[in-house]
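A.B. asks: There's a structure below that I have some questions on.
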Amino acid sequence: NQTLTAGVYCDPDQLIATAGQSDSGAANTKYGHHPFTETDEQLYNVAAVDGATVGLTKDAAAAFEKMQKAAASQGLDIKAVSGFRSRKLQEELFSDQVAKQGGSLEAAAKISAPAGHSEHHTGLAVDVGNNANPYLNESWANTPEYAWMQQNAG
């Protein structure tokens with residue numbers, strides 16, 4: 001029943017700096033998204049929805065698993081939905097979103113980052129959910145896991 005404070009699981013600035021990235025001042029944004037370089041670090045698998053795994057860098061994987069364990073100790077289920085994405089995969093996802101948005105690049109960019117401009121390229125970003133909420137949509141905001149993360153995830 002110990003209350004955890006933000007930053008217990010990871011320090012985002014430290015993880016970004018470790019990966020040689022910067023989240024500030026990039027002049028070459030694309031539809032509001034900053035550029036990110038694809039990591040060349042080894043990726044570690046973390047538990048994802050429906051028994052799958054996704055890749056994260058070593059530090060990000062350790063932080064995510066620590067957060068998962070803390071949530072599980074309180075009866076909550078947090079799993080990865082997506083982690084590392086190559087530029088090629090991000091290009092496919094963005095193209096699919098452009099098609100869903102009637103060809104509008106701007107509308108697609110409100111939902112998905114263009115290739116080269118996704119934090120998922122760094123291996124530091126992870127989208128979360130669980131088997132009951134495996135999709136990236138607003139229903140996750142109505143779960144006890146989301147409320148817990150608002151209070152505890154750094």
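A.B. asks: Determine the alpha carbon to alpha carbon distance for each of LYS30/LYS58; LYS30/LYS100; LYS58/LYS100; LYS30/LYS110; LYS30/LYS88 and list only those over 23 Å.
C.D. replies: Result: LYS30/LYS58; LYS58/LYS100 exceed 23 Å.
A.B. asks: Additional query: With Cβ to Cβ distances under 15 Å as the rule, what net charge do the other residues near MET149 carry (K, R +1; D, E -1)?
C.D. replies: So the surrounding residues net to -2.
A.B. asks: Still on this structure, I have one more. What is the gain in length, in nm to one decimal, between GLN101 and GLN150 on full extension, counting 0.36 nm per residue of separation less the C-alpha to C-alpha distance?
C.D. replies: Stretched out fully, the GLN101 to GLN150 stretch lengthens by 14.6 nm.
A.B. asks: Compute the length gained on full extension between SER86 and ASN28: take 0.36 nm times their separation in residues and subtract their Cα-Cα distance, giving the result in nm to one decimal.
C.D. replies: Extending this stretch completely gives an extra 18.9 nm.
A.B. asks: How large is the charge dipole for the stretch 16-154, taken about the Cα centre, if only the Cβ atoms of Lys, Arg (+1) and Asp, Glu (-1) carry charge, to the nearest 20 debye?
C.D. replies: My answer is approximately 40 debye.
A.B. asks: Quick one: order GLU38, GLU138 by neighbouring beta-carbon count within 10 Å, fewest to most.
C.D. replies: Least to most surrounded, the residues fall as GLU138, GLU38.
Since every read-out is calculated from the coordinates, none of them should be taken as a lab result. This is a predicted model, so every value here is computed, not measured. Ideal geometry is used to build each Cβ from the backbone, glycine not excepted, and the neighbour counts take in all protein chains shown.
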